[in-house]
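Chemist: I have a structure I would like to understand better, so I am pasting it below and will then ask my questions one at a time.
The values are calculated or read from the model by the stated rules, or taken from the named source; none is laboratory data. Worth saying up front: this structure is predicted, and the values here are computed from it rather than measured. Neighbour counts run over all protein chains shown; Cβ positions are idealised from the backbone, glycine included. Just the protein is used for accessible areas: all its heavy atoms, side chains included, with ligands, DNA and RNA removed. Shrake-Rupley method; radii C 1.70, N 1.55, O 1.52, S 1.80 Å.
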Amino acid sequence: MMITCLIEDTGTLKAEHGLSLHIDKPNLLFDMGQSNSFIENAQELDINISKVEYALISHGHYDHGGGLPYFLKENKKAEIYVGDGAFYKRYANDNGSWRYIGLDESLADNPQIKTLKKDTKITRDCTILTNIQKFFPTPKGNNKLYKISKDKIVLDDFKDEIILVIEKEDGLLVLTGCSHRGILNITETVKRKYNKPIKALIGGFHIKAEEAPNLIDPFKSIEEIYTGHCTSKRAYNILKENLDNIKPLHTGTQIEII
């Protein structure tokens, strides 16, 4: 199995603030960045987006689902999975300046899009988890992120956030977009659902430097960790200084899972 990062904030190919990961078996796309750059990068890497069978948008932010209209033009057959509420209007409050950061609402009724309200197995080995339990505090960076719910603007609880779990014989692969529900909440939810260790954890963790020390001990039991995007550079450096199993995630990174 090969996991290829088609979009991340840095890299030798086209880069942008966002995330997109491609898995070759099954032919699956996890997030779509904010533009068509993930498709252009896929072409450079000989990955045919029109042949993708399954696609996920981890949560309703533009940097993970902004590429949706371009995906729909390129691919007419894939089932696209989103969490319940992914198309709510979403805003960031940048010191009093409101900025729209949601998805294109006009695409919500596209027949390829499937809204999930419960954990859903999409192949024999792949399950989308929708219900991330809260055992630990959520990221501090969430406190500037809002959504429109019942005509009121409220702090976003990210109930629409979904993750992907792939079962292997010797452990689990866990893919996450931004971990707004909290990366420790995600890993603990996975551990309680499955009686297998986490073999690889891949995605953004949405943490600042002061939050990184809390992850060091829980992360020691994970074989491989790849992170970037919304994991701050200072947070990554703290984790790297204390963990041998963590690597950076960049546009073009390829991860072979045996």
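Chemist: Restricting to DSSP loop positions (anything but H, G, I, E, B) with no more than 11 other Cβ atoms inside 10 Å of their own Cβ, which trypsin sites (Lys or Arg not before Pro) remain in the range 14-83?
Modeler: Counting only loop positions with at most 11 other Cβ atoms within 10 Å, the trypsin sites (Lys or Arg not before Pro) in the range 14-83 are LYS76, LYS77.
Chemist: Taking amide H positions as placed 1.01 Å from N in the peptide plane, with prolines and chain starts having none, which residues 5 or more places from GLU224, or on another chain, fall under 5 Å of its amide H?
Modeler: Under 5 Å from the amide H of GLU224 lie the amide H atoms of ALA200, LEU201, each far enough along the sequence or on another chain.
Chemist: Right, something else. For the range 1-92, what is the charge dipole size about the Cα centre, in debye to the nearest 20, if Lys and Arg each add +1 at the Cβ and Asp and Glu each add -1 at the Cβ?
Modeler: Rounded to the nearest 20 debye, it is 320 debye.
Chemist: Which value in Å is the Kirkwood Rh of the range 1-132 over different Cα pairs?
Modeler: So the Kirkwood estimate lands at 15.1 Å.
Chemist: Sort 183-190, 78-85 by the packing proxy (mean of other Cβ within 10 Å over each peptide's residues), most packed first.
Modeler: My ranking of the peptides, most packed first, is 183-190, 78-85.
Chemist: Also, quick follow-up: Can you compute the FRET efficiency between ASP157 and GLU210 using 1/(1 + (r/R0)^6), with r the Cβ-Cβ distance and R0 = 22 Å? Round to the nearest 0.05.
Modeler: After rounding to 0.05, the efficiency reads 0.50.
Chemist: Accessible surface of PHE136 in the full protein assembly, 1.4 angstrom probe, to the nearest 10 Å²?
Modeler: Taking all protein chains as shown, PHE136 has close to 80 Å².
Chemist: Counting Lys and Arg as +1 and Asp and Glu as -1, each charge on the Cβ, what is the dipole of the range 141-258 about the Cα centre in debye, to the nearest 20?
Modeler: Dipole magnitude for the range 141-258 comes out near 340 debye.
Chemist: Carbon and sulfur atoms: what percent of the 1.4 Å accessible area of the range 138-239 do they account for?
Modeler: Whole-percent figure for carbon plus sulfur exposure: 47.
Chemist: Would you work out which of TYR236, ASN195, PRO218 lies farthest towards the positive end of the dipole of the range 177-239? Charges go on Cβ: Lys and Arg +1, Asp and Glu -1.
Modeler: ASN195
Chemist: Same structure, new question: For a paramagnetic label modelled at 7 Å from the Cα of GLU223 toward its Cβ, which residues of the range 197-211 fall within the zone defined by backbone nitrogen distances under 16 Å?
Modeler: 197-202
Chemist: Follow-up question, since we're still on this one. Express in nm, to one decimal, how much length is gained between PHE135 and GLN254 on full extension, taking 0.36 nm for each residue of separation and deducting their alpha carbon distance.
Modeler: Between PHE135 and GLN254, full extension yields 39.7 nm more.
Chemist: Show me, for the range 82-90, the HN-Hα J-couplings you get by feeding each phi into the Karplus relation (A = 6.51, B = -1.76, C = 1.60, θ = phi - 60°), rounded to Hz, glycine and proline as x.
Modeler: 9, x, 5, x, 4, 9, 4, 5, 10
Chemist: What does a probe at ALA92 reach in the range 1-30, counting residues whose amide N is under 11 Å from the point 7 Å along Cα→Cβ?
Modeler: 17-18
Chemist: Tell me which lysines have Cα within less than 18 Å of LYS76's Cα, excluding those fewer than 8 residues away on the same chain?
Modeler: Result set, ordered by chain and number: LYS51, LYS114.
Chemist: Moving on. Using a 1.4 Å probe over the heavy atoms of the protein chains, calculate the carbon and sulfur portion of the accessible area of the range 5-131 as a whole percent.
Modeler: Looking at the range 5-131 in its full context, I get 44 percent from C and S.
Chemist: Where is the GNM fluctuation largest for the chain (alpha-carbon springs, 10 angstrom cutoff): LYS199, LYS152, LYS117?
Modeler: Its mean-square fluctuation being the largest, the pick is LYS152.
Chemist: Per-residue HN-Hα couplings for the range 52-64, Karplus 6.51 cos²θ - 1.76 cosθ + 1.60 at θ = phi - 60°, whole Hz, x for Gly and Pro?
Modeler: 4, 9, 9, 9, 10, 10, 5, 6, x, 10, 4, 7, 10
Chemist: When ligands, DNA and RNA are left out and all protein chains stay put, how many square angstrom of accessible area per residue does the chain have with a 1.4 Å probe?
Modeler: 46 Å²
Chemist: For the range 152-167, in order, what is each residue's ³J(HN,Hα) by Karplus, 6.51 cos²θ - 1.76 cosθ + 1.60 with θ = phi - 60°, in whole Hz (x at glycine and Pro)?
Modeler: Result, ordered by residue: 10, 8, 9, 4, 6, 9, 6, 5, 7, 5, 10, 10, 10, 10, 10, 8 Hz.
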